[in-house]
Amino acid sequence: MPTSFAIDKDTCGRAQARAAADGISLSSAVRLLLAAYAEGRIAIGAMPAADAVRVERVEEIPLDKAGTKLAERVFAAVRKHG
């Protein structure tokens with residue numbers, strides 16, 4: 001089913017150059033991205049796809065000695081478990 005999209009010249013040109021550098025056509029890049037989006041493998045917006053990153057809780061950590069130690073433990077856990 002033929003479909004058309006309006007893309008500004010600058011974005012289109014940069015996307016075509018990137019696709020060409022990757023050895024694919026812009027059309028192929030768009031098809032691959034749309035398929036990944038439709039299958040839920042990528043998300044559009046500020047948050048990555050749910051299976052890419054799971055946020056269990058968010059809390060503020062004060063910039064004092066105890067907060068620094070907590071942040072170090074959190075960063076170590078993230079490095080260890082991904």
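Kindly provide the set of residues from region 1-35 that are assigned to a helix (DSSP H, G or I) and among the charged types (D, E, K, R), ordered by number.
Lys9, Asp10, Arg14, Arg18, Arg31
Between residues in region 66-82 that are more than 14 Å from Glu56 (Cβ to Cβ) and residues that are surrounded by 12 or more Cβ atoms within 10 Å (Cβ to Cβ), which pairs lie under 7 Å by C-beta distance while being six or more apart or on different chains?
That search, which allows pairs on different chains as well, returns Gly67/Ile61; Leu70/Ile61; Ala71/Ile61.
Out of the residues in region 49-73 meeting the condition of being acidic (Asp, Glu) and in a loop (DSSP other than H, G, I, E, B), tell me which one is modelled with the lowest pLDDT.
My answer is Asp51.
On the basis of being at pLDDT 90 or above and surrounded by 10 or more Cβ atoms within 10 Å (Cβ to Cβ), does Ala20 make the cut?
yes
Given the criteria modelled with pLDDT under 90, out of contact with any helix residue (DSSP H, G or I) (no Cβ under 7 Å at 6 or more places or on another chain), surrounded by 12 or more Cβ atoms within 10 Å (Cβ to Cβ) and in a loop (DSSP other than H, G, I, E, B), does Ala43 qualify?
Numbers: modelled with pLDDT under 90: yes; out of contact with any helix residue (DSSP H, G or I) (no Cβ under 7 Å at 6 or more places or on another chain): yes; surrounded by 12 or more Cβ atoms within 10 Å (Cβ to Cβ): yes; in a loop (DSSP other than H, G, I, E, B): yes.
Yes: the conditions hold for Ala43.
The values are calculated or read from the model by the stated rules, or taken from the named source; none is laboratory data. Here the structure is a predicted model, which is why all the values come from computation and not from measurement. Cβ atoms come from the backbone with ideal geometry, glycine included; neighbour counts cover every protein chain shown.
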